[in-house]
Structure formats: structure tokens, C-alpha cells
1. Amide H neighbours of residue 26 under 5 Å, at least 5 residues apart or on other chains, H built in the peptide plane: list them.
2. Say R0 is 30 Å: what FRET efficiency, to the nearest 0.05, do residue 106 and residue 20 get from their beta-carbon distance?
3. Loop only per DSSP, at most 12 neighbouring Cβ atoms within 10 Å: give me the chymotrypsin sites (Phe, Trp or Tyr not before Pro) in the stretch 1-60, ordered by residue number.
4. Net charge around residue 74, counting only other residues with Cβ within less than 15 Å of its Cβ (Lys, Arg = +1; Asp, Glu = -1)?
5. Subtracting the Cα-Cα distance from 0.36 nm times the residue separation, let me have the gained length for residue 50 to residue 33 in nm, one decimal.
6. For every other residue with a beta carbon closer than 13 angstrom to the beta carbon of residue 59, add +1 if it is Lys or Arg and -1 if Asp or Glu, then tell me the sum.
7. Please identify which residues in the stretch 63-94 have an amide N closer than 17 Å to a label point set 7 Å out from the Cα of residue 42, following the Cα→Cβ vector.
8. Express in nm, to one decimal, how much length is gained between residue 96 and residue 12 on full extension, taking 0.36 nm for each residue of separation and deducting their alpha carbon distance.
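What follows draws every value from the coordinates through simple rules; no lab data is involved. Fair warning: this is a prediction, and the values are worked out from it, not measured in the lab. Quick reminder, even Gly has a Cβ in these numbers, built from the backbone with ideal geometry, and neighbours come from all protein chains shown.
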Amino acid sequence: LVSDAESIIRQHLASQLLPLSVACMFDTPNPPSPFLKEGETRKYHAQGYKIVTSSILNHLNNLVVDSDVDVRKAASDTLATLALYIKQEDIAPMILPIPLRLAHEQKQRQGNNLVSKIEKDSVNRAEDLR
């Protein structure tokens with residue numbers, strides 16, 4: 001489904017990964033609040049947590065760079081909310097690299113666009129001088 005041809009399917013999948021992940025991570029019938037009170041701890045389901053942090057995060061990683069803007073938005077919203085449920089010590093190694101990679105890629109694209117614009121301007125000026 002992550003690579004389905006229909007973007008609406010990928011968008012729906014991205015939005016449904018959050019409740020699926022929360023259900024996997026916790027051994028309770030009612031999901032906990034994403035916000036912990038002072039001194040409060042969560043009891044994670046070990047295998048479910050591992051599935052979320054290995055498999056589901058990889059799918060979200062692919063969906064946040066989807067060609068469709070609505071899929072990217074749904075995946076980003078899911079990732080941001082899911083980060084509230086991830087163990088504090090796992091946020092830096094598992095969640096943070098995703099937006100950092102996106103920011104780096106965007107910076108590279110902007111740099112490439114600038115280089116391309118400079119090259120075009122140089123070619124145009126060279127042609128004007130002829």
C-alpha cells in the first residue's frame with residue numbers, strides 16, 4: 001500500500017498508521033494520552049514497540065517524501081504525533097533523522113536551483129557578448 005498507484009490510498013494509509021502504531025505499542029484497551037504528566041511512565045508492549053520503530057517508521061519515512069502533497073502532509077502529521085508516543089531516548093536516533101534528512105535534501109535542491117540559475121544566467125550573458 002505504501003507504493004500504491006493511487007495517492008488517496010497512500011494518504012489514507014499514512015493517516016491510519018498512527019492509530020495502528022499506538023495500538024501496537026501499548027498493551028491497554030484505551031490508548032494513553034500522548035502527553036505524560038510529571039512522574040508518569042508508560043508501559044510499552046516490547047514486540048509492538050519494535051515493530052513500530054523498525055517497520056512502521058520506515059514506511060512513514062517513505063511516505064513523507066511522496067510525490068503527492070496530501071500524502072506528505074498526512075505522513076508528516078502522523079510522524080509528528082507518533083513522536084509524542086516514542087520513548088524519549090529513541091526520539092533522537094529514530095525520529096529526528098527523518099525531518100533532518102528532508103531539510104538537508106531541500107537545502108540541496110535550493111542550492112542546485114541556485115547553481116542552475118547562475119549557469120543559465122552565465123550562458124545568457126555569454127551569448128549576449130557574442
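1. 45
2. Details: r = 28 Å, r/R0 = 0.95.
So the FRET efficiency works out to roughly 0.60.
3. Values: sites: 26, 35, 44, 49; in loops: 35.
Those satisfying the criteria are 35.
4. Working: positive: 10, 72, 73; negative: 4, 6, 66, 68, 70, 77.
Overall, the nearby charge balance is -3.
5. Details: separation 17, 0.36 × 17 = 6.12 nm, distance 1.99 nm.
Gain in length upon complete extension: 4.1 nm.
6. On the way: positive: 10; negative: 4, 66.
With Lys, Arg at +1 and Asp, Glu at -1, the net is -1.
7. Label zone hits: 77-94.
8. Values: separation 84, 0.36 × 84 = 30.24 nm, distance 2.35 nm.
Stretched out fully, the residue 96 to residue 12 stretch lengthens by 27.9 nm.
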